[in-house]
Every structure is written in C-alpha cells, then in structure tokens.
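Enquirer: I'd like to ask you about the structure that follows.
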Amino acid sequence: QVQLVESGGGLVQAGGSLRLSCAASGHSFSMYTMGWFRQAPGKEREFVASINWTGRDKLYADSVKGRFTISRDNEKNTVALQMNDLKPEDTAVYYCARSDVNTIQRVPARYRYWGQGTQVTVSS
C-alpha cells in the first residue's frame, strides 16, 4: 500500500518562501512520476508541478513557473516543492500525488495515490 504524507505548510507573508516535503512509503517510489497539486476554497484542484521518475524532466504550471521548484530524492523516497516569492493567490491546500507512469503528467486523473494535503496560507 502506498502512503504519501506531506509536511511543511504554514502561514507566510507575500514574498516569502516555504518548502513542502512529501514522504512516500511502499515500494517502487523511484519508478513513477510524482506531482504536486493544490486546491483553493471553492475551486477545482489544479496542477502545480510534476517530475518524472529520474528527476530529469519537470513540468510547471504557468502560474508558478520561475518561482517554484520540484525535486525528488529516490534514495529517501521523498519529493519536495520549494516555493519562493509566494503570493496570496498561492493560498491553497497542497497535495502530493504519485502516478502509475514514469513520464511527467499534469492531469489529476493520471495520479493514483494522494496525500492528505498541507495548508499553505500567504498573507498580503
């Protein structure tokens, strides 16, 4: 059984930074694409970033490109999201997810396993 546990969320002022981390349990972490998504109140879940199984290929939503960086450590079974220059519109619950394929994906339906989410709040 795959379990994903996010951490690192919190309250930060606009312009600040946060680093989210996702710890994965279960086997075969290194074989699959990982992603970060977010959901703000009253809005649909949206894609933030994806990283393929090797960590070489990355994809970002236009809204976070140049500010967020996704990375993974296959030895530690973790994936991280470094968020810089945060804006109030980045406020959301952030979810870590694992796909069942090894290529980058932006569609939530391509991810099979999800964490419980971590709240990120950016004040203006």
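Enquirer: Please list, by residue number, every one of the trypsin sites (Lys or Arg not before Pro) in the stretch 23-124 that is coil in DSSP and has at most 14 other beta-carbon atoms within 10 Å.
Expert: Lys43, Arg56, Lys65, Lys76
Enquirer: Using a 1.4 Å probe, what is the accessible area per residue for the chain, in Å²?
Expert: Numbers: 6430 Å² over 124 residues.
In whole numbers, the chain has 52 Å² accessible per residue.
Enquirer: Would you list which aspartates and glutamates come within 15 Å of Lys43, measuring only between C-alpha atoms, while excluding same-chain residues fewer than 8 positions from it?
Expert: Excluding near neighbours in sequence, the set is Glu89, Asp90.
Enquirer: Next question. Counting only other residues whose beta carbon sits under 9 Å from that of Tyr95, what net charge do I get with K and R as +1, D and E as -1?
Expert: Net charge around Tyr95: +1.
Enquirer: Please give the net charge around Ser21, taking every other residue with its beta carbon less than 12 angstrom from that of Ser21, where Lys and Arg add +1 and Asp and Glu add -1.
Expert: +1
Enquirer: Check cross-link reach from Lys65 to the lysines: straight Cα distance under 20 Å, and skip same-chain residues fewer than eight apart.
Expert: Partners within reach: Lys87.
Enquirer: Now, a different point. Between beta-carbons, use under 14 Å as the cut-off and find the net charge around Arg106, counting Lys and Arg +1, Asp and Glu -1.
Expert: Summing Lys/Arg as +1 and Asp/Glu as -1 gives +1.
Enquirer: While we're looking at this one, here's another question. For the stretch 33-104, place one equal point scatterer on every Cα, skip the solvent, and apply the Debye formula. What is log10 of I(q)/I(0) at q = 0.18 Å⁻¹?
Expert: -0.67
Enquirer: Another question, then. Which whole-Hz ³J(HN,Hα) couplings does the stretch 80-89 yield from phi under the Karplus relation 6.51 cos²θ - 1.76 cosθ + 1.60, θ = phi - 60°, glycine and proline marked x?
Expert: Those phi angles translate into 10, 10, 8, 10, 10, 6, 5, 10, x, 6 Hz.
Enquirer: Now, a different point. Can you give me the Rg/Rh ratio for the stretch 1-74, using Cα atoms for both radii and the Kirkwood formula for Rh?
Expert: When Rh is taken as the Kirkwood radius, the ratio is 0.97.
Enquirer: Using Cα-Cα distances under 8 Å and only pairs 6 or more residues apart, what relative contact order does the stretch 34-124 have, in percent? Don't skip to the end; give the middle numbers.
Expert: Numbers: 177 pairs, mean separation 28.8, N = 91.
Relative contact order here is 32 percent.
Enquirer: Roughly what % of DSSP beta bridges within the chain run antiparallel, to the nearest 5?
Expert: Approximately 90 percent, going by the DSSP bridge assignments.
Enquirer: In the stretch 26-68, which residues have a backbone nitrogen under 12 Å from the label point lying 7 Å from Asn84's Cα in the Cα-to-Cβ direction?
Expert: Output list for this probe position: 66-68.
Enquirer: Roughly speaking, to the nearest percent, how much of the chain's 1.4 Å accessible area is carbon and sulfur?
Expert: Of the solvent-accessible surface of the chain, carbon and sulfur hold 47 percent.
The values are calculated or read from the model by the stated rules, or taken from the named source; none is laboratory data. Quantities reported herein were computed from a predicted structural model and do not represent experimental measurements. For neighbour counting, all protein chains shown are included, and Cβ atoms are generated from backbone atoms with ideal geometry for every residue, glycine included. We work out accessible area using only protein heavy atoms, side chains counted, and drop any ligands, DNA or RNA first. Shrake-Rupley method; radii C 1.70, N 1.55, O 1.52, S 1.80 Å.
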